[in-house]
Amino acid sequence: MSNEESFEYEISMIRKDKYKFEIDFGNETIPNLLTDESKAVPGGEGLGPTPSMLLATAVGNCLSASLTFCITKMKLEVVNLKTLVKFTRKRNEEGFWRISQISVNLEPEVEDKDSSQYLKCIDIFKKYCIVSGSVEEGIPVNVTIDGN
């Protein structure tokens, strides 16, 4: 993990058609990603992950990486790791859809699950996950239109 105080990233999106957007992560080694809304949304074709799916994926991926980081830092081997992420959408008081819950189940296969190092990781790994920690704390979202 880095010792830098802060980072700033820039991701650009270009609308391709209806609700399809091409996401450019600004890094030539990372391929662009096509997102879309599901067929349940008028105009959505389900040709890519939805933004809700990406948020849930980011939480699950970050927790998986954090657990892997902690376990390997403790000099244990992660033989395999399966992660299942479920999220629930429901309407808020104003009637707008929101993600009301994200549940993540991690199934690590580790060489020594009884070791004190592994048990310590189970206690602390969530603290290293930038995404789930940020979501749980509530990230401020600053929105501008045409830079204003």
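The values are calculated or read from the model by the stated rules, or taken from the named source; none is laboratory data. Everything numeric here is computed off the predicted structure, so don't read it as measured data. In this analysis, Cβ positions are derived from the backbone assuming ideal geometry, glycine residues included, and neighbour counts consider all displayed protein chains.
Taking the listed residues ASN105, ASN92, the one that is in contact with a Leu (Cβ under 6 Å, 6 or more places away or on another chain), surrounded by fewer than 16 Cβ atoms within 10 Å (Cβ to Cβ) and farther than 30 Å from GLU5 by Cα is ASN105, with no other qualifying.
So which residues in the range 70-102 are touching a Cys at 6+ places or on another chain (Cβ under 9 Å) and either of a type in the set (Val, Ile, Thr) or within 22 Å of ILE130 (Cβ to Cβ) (or both)?
Just the residues of the range 70-102 that are touching a Cys at 6+ places or on another chain (Cβ under 9 Å), to begin with: 70-71, 73-74, 76.
Across the range 70-102, the qualifying residues are CYS70, ILE71, LYS73, MET74.
For GLY26, the conditions (1) in the same structural domain as LYS86 (by TED's automatic domain parsing); (2) in contact with a Ser or Thr (Cβ under 8 Å, 6 or more places away or on another chain) all hold with the exception of (1).
For the range 105-148, a residue qualifies if it is among the acidic types (Asp, Glu), in the same structural domain as THR83 (by TED's automatic domain parsing) and over 19 Å from the mean Cα position of the chain (by Cα), and the qualifying residues are GLU109, GLU111, ASP112, ASP114, ASP123. What is the residue count in the range 1-25 for residues that are surrounded by fewer than 10 Cβ atoms within 10 Å (Cβ to Cβ) and not hydrophobic (A, V, I, L, M, F, W, C)? Residues in the range 1-25 being surrounded by fewer than 10 Cβ atoms within 10 Å (Cβ to Cβ) and not hydrophobic (A, V, I, L, M, F, W, C): 9 in total. Any residue at all in the range 30-52 that is in a strand (DSSP E or B) and surrounded by 17 or more Cβ atoms within 10 Å (Cβ to Cβ)? So far as the range 30-52 goes, yes, one or more of its residues are in a strand (DSSP E or B) and surrounded by 17 or more Cβ atoms within 10 Å (Cβ to Cβ).
Right, GLY60: surrounded by 11 or more Cβ atoms within 10 Å (Cβ to Cβ), in the same structural domain as GLU22 (by TED's automatic domain parsing) and under 30 Å from LYS20 (Cβ atoms) or not? Judged against the criteria, GLY60 is not a match.
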